[in-house]
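**Student:** Let me begin by handing over the structure; questions about it come next.
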Amino acid sequence: MAAIRKMTPAERVRRWEQFNEALAEMETDALRTKFPDLNDRQLFLHRMRQRYGADLSSKVWPEISNLVA
């Protein structure tokens, strides 16, 4: 925690962005393993459904309801 306190706000935001990018990559890799035939858009939609739930994500991305599994 001391290291985080020493960071400037810009550094904290940059680290948060890096963490989120790494998390998105790990989520996508896991989905790609589970569904190897999906294209990038379908993987994105699966990730959004996992992250935000089927109800909310289908309001933003209606094509989510067409996804398998």
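**Student:** Give me the pairs: first residue in region 45-69 and of a type in the set (Phe, Trp, Tyr), second residue in a helix (DSSP H, G or I) and surrounded by 15 or more Cβ atoms within 10 Å (Cβ to Cβ), beta-carbon distance under 7 Å, and six or more apart or on different chains, which are they?
**Tutor:** Trp61/Leu45; Trp61/Met48
Every residue, every condition in (1) within 20 Å of Leu67 (Cβ to Cβ); (2) at pLDDT 95 or above; (3) open to solvent by 50 Å² or more (accessible area, probe 1.4 Å), yes or no:
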residue: Arg5; (1), (2), (3): no, no, yes
residue: Glu21; (1), (2), (3): no, yes, yes
residue: Asp29; (1), (2), (3): yes, yes, yes
residue: Leu45; (1), (2), (3): yes, yes, no
residue: Arg51; (1), (2), (3): yes, no, yes
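The values are calculated or read from the model by the stated rules, or taken from the named source; none is laboratory data. Please read all numbers here as calculations on a predicted model, not as lab measurements. All Cβ positions, glycine included, derive from the backbone under ideal geometry; neighbour counts span all protein chains shown. For the accessible areas, the whole protein counts, side chains as well, though only heavy atoms, and no ligand, DNA or RNA atoms are used. Shrake-Rupley method; radii C 1.70, N 1.55, O 1.52, S 1.80 Å.
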